[in-house]
Amino acid sequence: VQLQASGGGLVQAGGSLRFSCTASGSGTSVNTMGWYREAPGKQRELVASISTGGLTTYADSAKGRFTISRDNTKNTAFLLLNRMKPEDTGVYYCFGDQGFARIWGRGTLVTVSS
């Protein structure tokens with residue numbers, strides 16, 4: 001299974017971005033999907049996740065601003081980032097859990113300018 005991530009780029013503070021992450025390959029059914037963020041000088045942290053049943057988890061910094069969703073028929077998860085802040089800057093990595101394995105997508109850089 002591979003994860004194809006899209007989205008990212010440069011955005012002004014207060015702006016929005018939308019990410020997608022699609023699983024493909026043999027046995028593409030993945031369970032929980034989501035995104036981690038790696039900010040400059042910081043450890044990678046969970047931003048948001050969603051189970052196949054739609055149960056969501058958000059970092060405190062993401063609550064009220066970011067929305068994660070998924071389309072199980074397309075093995076795709078989406079992350080809508082609204083009211084972005086400079087502290088949202090970092091490399092975002094999507095992930096998908098398949099059994100006991102965690103699969104990672106390519107990191108995408110997000111820069112939020114003030």
Conditions first: (1) under 13 Å from the mean Cα position of the chain (by Cα); (2) acidic (Asp, Glu); (3) under 16 Å from Ser6 (Cα atoms). Glu45 passes all but one, so which condition is the exception? (3)
For the subset of region 78-101 comprising residues that are within 14 Å of the chain's Cα centre (by Cα) and charged (D, E, K, R), which member is farthest from Ala39 (Cα to Cα)? Asp97
Which one of these is of a type outside the set (Val, Ile, Thr) and open to solvent by less than 50 Å² (accessible area, probe 1.4 Å): Gly107, Gly99? Gly107
Tell me the strands (runs of 3 or more DSSP E) entirely within region 1-88 that contain at least 2 residues that are open to solvent by 50 Å² or more (accessible area, probe 1.4 Å), closer than 17 Å to Arg106 by Cβ and touching a residue at least 60 places away in the same chain (Cβ under 8 Å). 2-6
Given the structure, is Ala62 among the hydrophobic types (A, V, I, L, M, F, W, C) and in contact with a helix residue (DSSP H, G or I) (Cβ under 9 Å, 6 or more places away or on another chain)? yes
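The values are calculated or read from the model by the stated rules, or taken from the named source; none is laboratory data. The model shown is predicted, which means the values in this text are computed figures rather than measured ones. We place every Cβ from the backbone using ideal geometry, glycine too, and count neighbours over all the protein chains shown. Calculation scope for accessible area: heavy atoms of the full protein, side chains included, ligands and nucleic acids excluded. Shrake-Rupley method; radii C 1.70, N 1.55, O 1.52, S 1.80 Å.
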